[in-house]
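Before any comments, here is the structure.
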Amino acid sequence: MALSSIKSLLNRTLKQHGIAGGVEAARVVEAMEQVLVEKWGSIAKSGIKVKFYRDKAIYLACASSVLAQEVRLYEKSLLKELNGKLEGQEVERVRFVA
């Protein structure tokens, strides 16, 4: 019997049970939180909440319009850094929710 890597076994099992999309979305959300903290530190922790990931867009809630404008200003560089952290997953835009 050939040995399989844990990564391939995990990916196959997640797909079989239909939860692979949710796991990928959670990875994207976590990576975006890291990118925001690296950029703005404690301001990001208290003022920007990563809500969810869907259809190649990451959804954020900002405590103020000033923070939202700051994120919008750095959107391209944030997405470039985020996509660099992800393997094969590409986020194309940032959206804001209340």
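Quick notes on this one:
- Test set (1) at pLDDT 95 or above; (2) in contact with a helix residue (DSSP H, G or I) (Cβ under 6 Å, 6 or more places away or on another chain) - ARG72 fails condition number: (2)
Per-residue answers, yes or no, for (1) touching a residue at least 40 places away in the same chain (Cβ under 8 Å); (2) among the basic types (Lys, Arg):
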| position | (1), (2) |
| --- | --- |
| VAL28 | yes, no |
| TRP40 | no, no |
| SER46 | no, no |
| LYS51 | yes, yes |
| LYS56 | no, yes |
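Yes/no per residue for (1) more than 28 Å from ALA20 (Cα to Cα); (2) out of contact with any Cys (no Cβ under 8 Å at 6 or more places or on another chain):
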{"position": "GLU38", "(1), (2)": "no, yes"}
{"position": "ILE48", "(1), (2)": "no, no"}
{"position": "TYR53", "(1), (2)": "no, yes"}
{"position": "ILE58", "(1), (2)": "no, yes"}
{"position": "SER65", "(1), (2)": "yes, yes"}
{"position": "GLU70", "(1), (2)": "yes, yes"}
{"position": "LEU73", "(1), (2)": "yes, yes"}
{"position": "LEU78", "(1), (2)": "no, yes"}
{"position": "GLU87", "(1), (2)": "no, yes"}
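- Some residue of region 56-67 being basic (Lys, Arg) and touching a helix residue (DSSP H, G or I) at 6+ places or on another chain (Cβ under 6 Å): no
- Taken together, the residues in region 1-25 that are assigned to a helix (DSSP H, G or I) and of a type outside the set (D, E, K, R) amount to 13.
- Checked against (1) in contact with a strand residue (DSSP E or B) (Cβ under 9 Å, 6 or more places away or on another chain); (2) loosely packed, with under 13 Cβ neighbours inside 10 Å; (3) not basic (Lys, Arg), GLY21 meets all criteria but (1).
- All conditions in (1) at pLDDT 95 or above; (2) in contact with a strand residue (DSSP E or B) (Cβ under 6 Å, 6 or more places away or on another chain); (3) part of a helix (DSSP H, G or I) hold for GLN34, with the sole exception of (2).
The values are calculated or read from the model by the stated rules, or taken from the named source; none is laboratory data. On a predicted model such as this, the values are computed, not experimentally measured, just so you know. Note that we place each Cβ from the backbone using ideal geometry, even for glycine, and neighbour counts take in every protein chain shown.
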